[in-house]
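Colleague: Dumping the structure here so I can ask a few things about it.
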Amino acid sequence: AYKVKPTGASYAIDTAAPFLTGALPTDVRFGPDGKLYYSDWAEGWPKSKKGRIYAMFDPARLNDPLTKSTQQLIASDYTKKSDADLAALLAHPDWRVRLEAQYTLAERGATSIAPLAKIASTATDYSRLHAVWALGQIARKDPKATEALRALPANAEAEVRAQTAKTLGDLRDAASAEALVAALADNSNRVRFFAAEALGKIKHAAATPAILAAVRANNDADPYLRHALVMGLTGCAMPEQLVATSQDESPAVRLAAVLALRHQQSPLITTFLIDTDPLIVRESVTAINDAPITAAYPALSALIAQPVADEAIMLRVLNAHFRLGTAENAAALATFAAGNGSAVLRKEALALLALWPAPPARDRIVGIFRPLAEKTRPADAAAAALTPHLTGIFAAHTPDSVQASAIDAVVGLKITTAYPDLHAIVADAAQSSSIRVAALKSLDQINDSSLAAAAAIAAASDLPELRLAALPVISRLAPDAAVANLTKLITTGTPKEQQTAFRALGAAKDPAADALLLAQLAQLAVGKVAPAAQLDLLEAAALRSDPRVKQALADRDAALAKDPDPLAPFRVALEGGNAEAGRSTFARNPIMQCVRCHRYNEDPGGEAGPILAGIGARESREYILQSIIKPSAKIAAGYEIVTVTKKNGEALVGTLIKRDATGVQLKTGDGTVAIPAADLKGVESAPSAMPEIAALVLTKAEIRNLVEAVASLKTPVKPRDQIPLRALRRLDAN
C-alpha cells in the first residue's frame, strides 16, 4: 500500500493508498505464518480495558509454498546450516530470514570473511548488502574483515558503495579516509551522503576542502546530503576553517559552516551574525540560543541595538539579555519595551522583566530544562530599569497588550512608586476598558490604599466591564451592603452582571450570602436561573461551607447521576463562556490539543478533523457541547468511518458520504461505492478518533469557554485564494 522510491540521498513516497480504516491499532507485527497481526482496545475512547487481536491475510496465499517454507526457516536452527546454505539465504525474499543468516555468518567470524567479500563484490540481489553488514560485524573483532571492506568502494553497485562507506565510518577506519574523500565526488548522492558522514566520524581533517567543495556543488538542492556534509564538517573542520568561509560567495557554504559550528558549539559562530543572508543570520541566532552556545550570548544580545523584523531572531535576542542577567541587560530590555517595536516583542521584554527575580527553570524559547546558576535574582535591577519608562508605556496610545504586560511587571516587581499610575489608569477615560479593568484588578491584588477610591471611580463609570470589575471589590470592602446590592443584580441584572454577582457571593463574608445562594439553587432546579450564569452559581456555592448549601449541591449531583442524558452535568456550560479564553484552550491546552486535528480557517491547525469555520452558524451550542463531551455520538459528515456488511457476506470499509432509504454511499480507497438498501445487512460506525477525555481534563468553566469560542465561528471557510497573505506566511513558518 505504501511504496518509496530513491530520491537523491534519501527516498520519497512513490505510491500510497489507505490500507485499513475504521480501526484504532495499538501495535502491528508480521507473523512467521505470513499473516499480519494488529491489536486494538475494542471500543475507542476512553480505553475500555478490553483488547482484541486481528489476523489479516489472503486465504489464497496461506498454503503458498514460499509462505510455508519461510515459516519453517524462521523456526529452524541456523547454527546447523552450512556456510553455503546461509549464503544462499542472504538473498531470501523475507527480511527476517536474511537477517538471521547474516548474523549467523557474522558469528562464525574469520571463516566467513572470504565468502562474504565475494558476495558483496559479485552478487546482484539483497545478499550483497547483508554481506557488507556482516563484514562490518566481524570487523569489530577481526581487522581482516575491514581490509575486505576497503576493497568494496569501487563496486559498480551504488548502494553497495554507500553501505560500505557507512560501515567503514562506523568502524572509524582511518585507512579508508582517502577513498571516502574520493567518494564525495561519486555520481550517487547516497554514496556522497554516507562518505561525508563517515569522514565526520573518522575526523579526517584533510577532508575539509573536499567537503566544502561538495557543499558548494550540492548548493542546498538535496537537504539530506547537506545534513551529511554538515556532519562531515563537524567532525573534520577546525572552527577557524569554518569561520574563514564567512566571505564565501556561496550561501550554501556559509550556511553549512554555521550549522557545523552549532554542532561544535563554537562561539566563533558570532562571525555570521552580520551575514548578508537573513536565513544565515537566523540560523546563527537560533544556534546560539537553542544549542545553546552560552559564550556567544553577549554578541547575540548586542543585536538589540539594531532590531530586525524577524520575530524569531528578536525573541532570542531578548532571551539572551534575560539569561545574562546583569543590570545592563535589564536596562536594555526596559528600553526596548518602551520603544516602537512590535507589540509582541515589547510584551515579551516586559514579561522577562517580570520574571527577573525568579527565572523559570525551562528556557523561555525552546522549553528545555536549563536552569540558571542563580535560582533567584534581586528584583531591584529590573525594577530600577523599568521605572523610568513606565510613564511612556502607560500612555493611552500604547497597545493594550503592552500596557497589560507592564501592569503585570509593576505588580510582580513590587514597583510601589508606580501604584499611583495604576490608580490614574483606572480614572483615565482615554484608556480602553480592558486596561482600566486590569489596573483595578492589580490594585486589588496588591491591596493598595487607593483601592476603595479606584473601585468607586470604576463603579460610577459608564463602561459595563469596568463596573462589573468593581463589583466584587466593593462587595468585599463593604460587606454589610454587599448582599443587598448583589441580590438586586441577580434579580434584574444582565447575564454578565449575574455572573459577576455570583462570583462575588462565593467570596462574601456575610452569612446572608448562603441564604441567597440556597434560594438561587432552588431556582436553578426549576430552570429559572439564566443559562449564562448557572455555572457561576454552582462554582460560588461550591466555595461556601454552609451545610445547607453543601447538601443542595449534593442533591443536585445525585439527581444528575441518575439522568440518562450524558450531557446533563455539562449543560451549565452551554452559554456564558469567554471566547478568547476558549481559543487559548483550543490552541494551547497540553492534553486536549484541539489545534492538532482542527483549524478555524486560515489559522494553522490539523486536518484530521473538520474545519470549524462557520460551525457557529450551522450547528447549535448543544451540538458543539456534544462534540466535545461525546465525540462519537454524532460524527461530522465526511469524517465518519463505517463498516458496511452486505447480505452476500462481503464487507466494505470507508468514509460515509450519504445514507438514506435508498442505501449507502461510501468513499473507499478504490473510489466512491454505492450499496443499494436491498443489498445491506448492516452498517457499523467506528468510534471517533477524537478522544473522549474533555470531561476528565477540562473544568466545566474551560468547557464553557471552548463552546463559546467554537460557537462564535460564524464565517464560512474562505477559498484558498482569499486567505490573507500574513496567514499564508504564518503557515509556512510553522
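Colleague: Amide H to amide H under 5 Å from G663: which residues, 5+ apart in sequence or cross-chain, H placed 1.01 Å off N in plane?
Modeller: Under 5 Å from the amide H of G663: A677.
Colleague: Of A361, G671, A456, which is farthest on the positive side of the dipole of the chain, counting Cα position, with +1 on Lys and Arg Cβ, -1 on Asp and Glu Cβ, and the Cα centre as origin?
Modeller: G671
Colleague: Further question on the same structure: Modelling each spin label as a point 7 Å along the Cα-to-Cβ direction, I'd like the L463/T376 distance in nm, to one decimal.
Modeller: 3.6
Colleague: Further question: So if each residue of separation counts as 0.36 nm, and I subtract the Cα-Cα distance between F19 and T7, what length gain in nm does that give?
Modeller: Roughly 1.9 nm would be gained on extension.
Colleague: Another question, then. I'd like the carbon and sulfur percentage of the solvent accessible area for the chain, probe radius 1.4 Å, heavy atoms only, ligands and nucleic acids excluded.
Modeller: Details: 20590 of 37010 Å².
Using a 1.4 Å probe with all protein chains present, the chain comes out at 56 percent carbon and sulfur.
Colleague: Next up: For T276 and E311, what is the calculated FRET efficiency with R₀ set at 25 Å and r taken between the beta-carbons, to the nearest 0.05? Working shown, then result.
Modeller: On the way: r = 20 Å, r/R0 = 0.81.
According to the calculation, E is roughly 0.80.
Colleague: Another question about this same structure. How about K50: which aspartates and glutamates have a C-alpha closer than 16 Å to its C-alpha, ignoring those fewer than 8 places off in the same chain?
Modeller: By straight Cα distance, K50 reaches D27, D40.
Colleague: Taking the Cα atoms only, what angle lies between the long axis of helix 579-588 and the longest principal axis of the chain, rounded to 10 degrees?
Modeller: 20
Colleague: Among the GluC sites (Glu not before Pro) within segment 162-268, which fall in a DSSP loop and have no more than 16 other Cβ atoms within 10 Å of their own Cβ? Could you put the intermediate results ahead of the total?
Modeller: On the way: sites: E178, E197, E240, E249; in loops: E249.
Within segment 162-268, the qualifying GluC sites (Glu not before Pro) (loop, at most 16 other Cβ atoms within 10 Å) are E249.
Colleague: Hey, what's the chain come to in accessible area per residue, 1.4 Å probe, Å²?
Modeller: Numbers: 37010 Å² over 734 residues.
With the other protein chains kept in place, the chain gives 50 Å² per residue.
Colleague: Considering only DSSP states other than H, G, I, E and B, which trypsin sites (Lys or Arg not before Pro) in segment 154-183 qualify as loop sites with at most 15 other Cβ atoms within 10 Å?
Modeller: Of the trypsin sites (Lys or Arg not before Pro), the ones in loops of segment 154-183 whose Cβ has at most 15 other Cβ atoms within 10 Å are R172.
Colleague: Here are a few candidate values for P(r) over Cα pairs in 20 Å bins from 0, in percent: (1) 16, 46, 29, 9, 0; (2) 12, 31, 35, 19, 4; (3) 14, 41, 36, 9, 0. Which one was actually calculated from the structure I just gave you?
Modeller: The listed entry that was calculated here is (2).
Colleague: Testing the spin-label approximation: label points 7 Å from Cα along Cα→Cβ at D142 and A456. State their distance in nm.
Modeller: The two pseudo-label positions are separated by 9.8 nm.
Colleague: Rounded to the nearest 0.05, what FRET efficiency do D480 and H397 give with R0 = 51 Å and r taken as the Cβ-Cβ distance? Could you check?
Modeller: Numbers: r = 42 Å, r/R0 = 0.82.
Efficiency, rounded to the nearest 0.05: 0.75.
Colleague: Follow-up question, since we're still on this one. Along the charge dipole of segment 1-117, which of V97, F19, T7 sits closest to the positive end, that is, farthest toward it, with unit charges on the beta carbon of Lys, Arg, Asp and Glu (+1, +1, -1, -1)?
Modeller: Checked the options; the winner is F19.
Colleague: Mind checking the full-extension length gain between A427 and N219? Use 0.36 nm per residue of separation minus the Cα-Cα distance, one decimal, nm. The partial results should precede the final answer.
Modeller: Values: separation 208, 0.36 × 208 = 74.88 nm, distance 6.15 nm.
Here the segment from A427 to N219 would lengthen by 68.7 nm.
Colleague: Continuing with this model, one more query. To the nearest 20 debye, what is the magnitude of the charge dipole of segment 172-291 about its Cα centre, counting +1 on the Cβ of each Lys and Arg and -1 on the Cβ of each Asp and Glu? Intermediate results must be reported in sequence, preceding the final value.
Modeller: On the way: 10 positive and 13 negative charges, 54 e Å.
It works out to roughly 260 debye.
Colleague: Sticking with this structure for a sec: Restricting to DSSP H runs of at least four residues, report the calculated mean residue ellipticity at 222 nm for the chain, -39500 (n - 2.57) per run over all residues, nearest 500 deg cm²/dmol.
Modeller: Numbers: 36 runs with 381 residues, N = 734.
When only DSSP H runs of four or more count, the value is -15500 deg cm²/dmol.
Colleague: Between V697 and K488, what is the label-to-label distance in nm when each label sits 7 Å out along the Cα-to-Cβ direction?
Modeller: Placing both labels 7 Å beyond Cα along the Cβ direction yields 4.6 nm.
Colleague: Roughly how big is the chain's charge dipole about its Cα centre, with Cβ charges of +1 (Lys, Arg) and -1 (Asp, Glu), in debye to the nearest 20? Working shown, then result.
Modeller: On the way: 80 positive and 76 negative charges, 231 e Å.
Approximately 1100 debye in magnitude.
Colleague: Another question, if that's okay. Quote the charge dipole size of segment 481-638 about the Cα centre in Debye, to the nearest 20; the model charges only the Cβ of Lys and Arg (+1) and of Asp and Glu (-1). Display every interim value, and only then the final one.
Modeller: Details: 19 positive and 17 negative charges, 17 e Å.
The dipole of segment 481-638 has a size of about 80 debye.
Colleague: As an exercise, use a Förster radius of 51 Å and the Cβ-Cβ distance of S712 and F57 to find the FRET efficiency, rounded to the nearest 0.05. Working shown, then result.
Modeller: Values: r = 50 Å, r/R0 = 0.99.
According to the calculation, E is roughly 0.50.
Colleague: Greater than 19 Å separation of Cα atoms is the criterion. Which listed pairs, K509/K550; K528/K562; K528/K714; K81/K141; K118/K144, meet it?
Modeller: Values: K509/K550 17 Å; K528/K562 21 Å; K528/K714 29 Å; K81/K141 23 Å; K118/K144 14 Å.
Distance filter (> 19 Å) returns K528/K562; K528/K714; K81/K141.
Colleague: Any chance you could run the full-extension gain for K647 through R96? It's 0.36 nm times the residue separation minus the Cα-Cα distance, nm to one decimal. Numbers along the way, then the final one.
Modeller: Details: separation 551, 0.36 × 551 = 198.36 nm, distance 4.05 nm.
Once the chain is fully extended between K647 and R96, it gains 194.3 nm.
Colleague: Once you keep just the Cα pairs under 8 angstrom separated by 6 or more residues, what percentage relative contact order results for the chain?
Modeller: On the way: 1156 pairs, mean separation 52.1, N = 734.
Once normalised by length, the contact order is 7 percent.
The values are calculated or read from the model by the stated rules, or taken from the named source; none is laboratory data. Note that this is a predicted model, so its numbers are computed, not measured. Here Cβ is always computed from backbone atoms with ideal geometry, including for glycine, and neighbour counts include all displayed protein chains. Each accessible area value is taken on the protein alone, full model and side chains, heavy atoms only, with ligands, DNA and RNA left out. Shrake-Rupley method; radii C 1.70, N 1.55, O 1.52, S 1.80 Å.
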